Amino acid sequence: MFFSQTLIVLTGTLLLGIASGMVGTFAVLRRRALAGDVVAHAALPGLCLAFLAFHSRSIIVLLTGALLSGLLGAISVSLLKRFTRLRDDAVQGIVLSVFYGGGIALTRSIQNHYRDEPGADLESFIIGHAATMMQGDVAQIAVVVAVTASIVVLLFKELKLLSFDEQFCQVQGWSATGLDILLMVLTAVTVVVGLPAVGVVLTAALLIIPPAAARFWTDRLSIMMMIACAIGGVSGVTGTLLSAHFDGLPTGPLIVLTSTAFFILSWIFAPHRGLLWKSREVTDLEMYLPWVEAGDDVPHPSTNSGPPIATQEVP
Amino acid sequence: MLPTLTNTVALLAARVPIPFEAQTTRLAEMLSLPATDVQNAFWTIAVGALCAVCCSLAGCFLVLRRISLLGDALSHSVLAGVAGVYLVTGRVDPIPMLLGAIAAGVVTAVMTQFIHKTALVPEDSSIGIVFTSLFAFGVVVVSHASHVHLDLDCVLFGDLSFAGINLHPTFGWLVPESFRTLVPTLIITLLLLTICWKELRLTSFDPTLAVTLGFSAGLMHYLLTTVVAIVTVSAMEIVGLLVVALLIVPAATARLLTDRLSTMLWLSCLIGVSCTTFGYFLALRWNSSAAGLTAVVAGVELLIAIVVSPKHGLLGRLVRTVRLRIRICAEDVLAGLFRRQERSDAPDTLVQASLSECHILAGNGLLAGPAVRWLRTRHLLQQVGSVTSLSESGLRYAQSMVRSHRLWEAYLQENFNLPPDHLHDPAEAMEHFIGPGVQQQITEELSQSAEDPHGRAIPDVKKQGVN
């Protein structure tokens, strides 16, 4: 029983990690990383209202409500930007905190009013509670992941174009706005699916950290996405296992910390971009100093395969 | 909660004086409520107000410097500082924890910049990486240490509703315990504002000029970050993570209402205080979270400001647009009537038109009726039954409109060499915005100002009298 429950949770967090790696890659490249955070926070009131309206803890009902209010949050961001003179950052902070405040107030009232009803503890959605995942929940996550993955694969070329050259994308006849909205909806869906496991506050981390770590290793979008999915999946599994091992530690934050560890490792050790590699490049440059001081032409690296080695004589 | 309550009861029995006790008791008698309830409400509102003032003052600069999300990030990462100190010392002491929180705040600001510069991710992602990681670390430590006083619920939601109950003797007075952190925080914030007022203002509005003049924008940034971290950590026990709502939303609301920094500061404080006060009362009414409802009230106040703000509000903009449209429609009617009179067989007699013809001249839209009314109330149009005609002043107004129109056509022809069929449309738009001064200027610049490019006479308001 314990084993199968752990397996269910593991499958769920693995799928979640893969999905967020996929969508997060575009979110990070399109500078929409914090939009995911706004959607996650904005989802909370919708989740509570769905509970109040249907008195059901069926995950599909709650998550539909969450998705709707998350998207409402995203729309409010663009409306506020359009109709007031507030800047991006203030608008995001406002929508995030006001919706989240509404959600907190609703969860608290629900908890106080429906004390005896099972499943009224919606506060578990704030930090997430992966251990209570059911087989049905995981199946629903799997469906969402499959749909997201197929959309991303089918529209890969167009989304790639959008991420790197929006104007060119438009000139080529693709609707940049349409693709943008599609990407926003995909982000919102992924965030909302992650809520039960990782919680409102930390879901955005899953979107941001694995792709940011993957960016160190490659310049190709497809490879970056694969690495991000891998890091997301492995973080999901590792976080769940750690949480199962250290009883009482919450799963969501452990998943996030695992992916942070991947980020830090990539940041330090990645070839060409890592901090270590960069510090070596500086010493390489210093090795050219003898030529510079002697006033000679520095041998070009391309004519002289590799940087000059220390034993070489200074002419 | 219980130990402190008994503590309060014991202190009450020992008669440590409570400030404003007489006033709250009298208020309770007036409202016929229990005295303790009124007293609790009074202190809760006081704590909330203090918290709101600290947050709003610091938040104004976050909003102006476009680093509001740093406030959000700080509210999350402060938890890591507190948790880290607990992990090292194994105890819950306020001073080291405050220092840890401040350190975490500064680390957040520095790391965000560092990751943004060395990693290949945009700045918003680097903020996201830092604060979510730190928050995750904080949550793990706090849930590991849930047996001690570190309470995750308190971090997430704060406990404004209990802040008024938890009284504590300080300097011989029995005041809420939160005052011990909030009052010094307010003093530090005010000190920063008064000492560095000029520098803060300069670096917020024009960092480049500030650096050129020899002020360190970076130093001000980190000073402000430190103060925001202090404010965040002391406000956190009152409103939890929602401290970001108190930091940003009142400041943004004030920003919509004014263009002066000093006005913005006191206005945001007022708005912040009203948010915590209303939030507290709503929470009592609905048995809900005071911090959450504070954020909701702040959002509602922002919406109201967006709609009714005098200068930039949606309502004001709508009214101004409609007024302008009505004036334009009305002026179109005048000019149309004048042209008709000009074309008629007897140009010196006032032309008459039916009301429906006036409406057609006004574009026949929703504003045609108001436009004709606009003309009548200004006595520019006389109406007898359904027959209208220009009044004397209306004729002068119409002449001026047509003069502006034709002068502009002549000006365009002379200076821009446009084909004749391209002259009417821009002049039709411009005629409503050319006053006597511009008319005079154009007349002086034109080589001849008697006829427009289409060969029609440009009416001169001064010469042509009305019969």
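Has segment B:415-430 got at least one residue that is surrounded by 11 or more Cβ atoms within 10 Å (Cβ to Cβ) and aromatic (Phe, Trp, Tyr)? Scanning segment B:415-430, I find no residue that is surrounded by 11 or more Cβ atoms within 10 Å (Cβ to Cβ) and aromatic (Phe, Trp, Tyr), so the answer is no.
Taking the criterion of being away from chain A (no Cβ under 13 Å) and without any contact (Cβ under 8 Å) to a residue 40 or more places away in the chain, the residues of segment B:302-335 that qualify are B:Val319, B:Arg320, B:Thr321, B:Arg323, B:Leu324, B:Asp332.
With the structure loaded, tell me whether A:Val28 is in contact with a Pro (Cβ under 6 Å, 6 or more places away or on another chain) and either surrounded by fewer than 20 Cβ atoms within 10 Å (Cβ to Cβ) or within 14 Å of another protein chain (Cβ to nearest Cβ) (or both) or whether it fails that test. Talk me through it step by step, then tell me what you get.
Numbers: in contact with a Pro (Cβ under 6 Å, 6 or more places away or on another chain): yes; either surrounded by fewer than 20 Cβ atoms within 10 Å (Cβ to Cβ) or within 14 Å of another protein chain (Cβ to nearest Cβ) (or both): yes.
When the stated conditions are applied, A:Val28 passes them.
Count of segment B:200-210 residues, restricted to those that are surrounded by fewer than 18 Cβ atoms within 10 Å (Cβ to Cβ) and either over 23 Å from the mean Cα position of the chain (by Cα) or of a type in the set (Val, Ile, Thr) (or both), is 2.
When segment B:30-65 is filtered for residues that are without any contact (Cβ under 8 Å) to a residue 40 or more places away in the chain and not in a helix (DSSP H, G or I), the ones remaining, listed by number, are B:Ser32, B:Leu33, B:Pro34. A residue that is assigned to a helix (DSSP H, G or I) and either among the aromatic types (Phe, Trp, Tyr) or at pLDDT below 65 (or both) cannot be found anywhere in segment A:308-315. All told, B:Gly299 falls short of being within 30 Å of B:Gly158 (Cβ to Cβ), in contact with a Lys or Arg (Cβ under 8 Å, 6 or more places away or on another chain) and within 14 Å of chain A (Cβ to nearest Cβ). Checked against the criterion of being in a helix (DSSP H, G or I) and under 29 Å from the mean Cα position of the chain (by Cα), segment B:79-98 contains not a single residue that satisfies it. I'd like to check something: does segment B:226-235 contain any residue that is farther than 28 Å from A:Leu44 by Cα, modelled with pLDDT under 90 and within 14 Å of another protein chain (Cβ to nearest Cβ)? Taking every residue of segment B:226-235 in turn, none turns out to be farther than 28 Å from A:Leu44 by Cα, modelled with pLDDT under 90 and within 14 Å of another protein chain (Cβ to nearest Cβ). Note on segment B:194-210: residues that are under 17 Å from B:Ile67 (Cβ atoms) and assigned to a helix (DSSP H, G or I) total 10.
Summed over segment B:260-289, residues that are within 12 Å of chain A (Cβ to nearest Cβ) and among the charged types (D, E, K, R) total 1. Only a single criterion out of (1) over 30 Å from A:Pro45 (Cβ atoms); (2) within 12 Å of another protein chain (Cβ to nearest Cβ); (3) free of Cβ contacts under 8 Å to residues at least 12 places away in the same chain is not satisfied by A:Arg215, namely (3). Kindly establish whether B:Leu257 is assigned by TED's automatic domain parsing to the domain that holds B:Leu303, within 27 Å of B:Val308 (Cα to Cα) and out of contact with any strand residue (DSSP E or B) (no Cβ under 8 Å at 6 or more places or on another chain). Answer is yes for this residue. Residue-level check: of (1) within 19 Å of the chain's Cα centre (by Cα); (2) buried (at least 19 other Cβ atoms within 10 Å of the Cβ), B:His312 misses just (2).
Suppose the filter is of a type outside the set (Ser, Thr, Tyr) and within 29 Å of B:Ala73 (Cβ to Cβ); does A:Asp89 pass it? Let's see the steps before the verdict.
Numbers: of a type outside the set (Ser, Thr, Tyr): yes; within 29 Å of B:Ala73 (Cβ to Cβ): yes.
It is true that A:Asp89 is of a type outside the set (Ser, Thr, Tyr) and within 29 Å of B:Ala73 (Cβ to Cβ).
Residue count for segment B:66-78, restricted to those that are part of a helix (DSSP H, G or I) and under 30 Å from B:Leu257 (Cα atoms): 9.
Based on this model, can you work out whether B:Ala210 counts as within 15 Å of B:Ser56 (Cβ to Cβ) and either within 14 Å of another protein chain (Cβ to nearest Cβ) or of a type outside the set (Phe, Trp, Tyr) (or both)?
On the way: within 15 Å of B:Ser56 (Cβ to Cβ): no; either within 14 Å of another protein chain (Cβ to nearest Cβ) or of a type outside the set (Phe, Trp, Tyr) (or both): yes.
Criteria not met by B:Ala210.
Screening B:Val322, B:Val297 for residues that are in a helix (DSSP H, G or I) and assigned by TED's automatic domain parsing to the domain that holds B:Ile45 leaves exactly one candidate, B:Val297. The residues of segment B:111-129 that are within 29 Å of the chain's Cα centre (by Cα) and either farther than 22 Å from A:Ile127 by Cβ or more than 8 Å from chain A (Cβ to nearest Cβ) (or both), listed by number, are B:Thr112, B:Gln113, B:Pro122, B:Glu123, B:Asp124, B:Ser125, B:Ser126.
The values are calculated or read from the model by the stated rules, or taken from the named source; none is laboratory data. Quick caveat: nothing in here was measured; it's all calculated off a predicted structure. Using ideal geometry, Cβ is built from the backbone for each residue, glycine included, and neighbour counts are taken over all protein chains shown.
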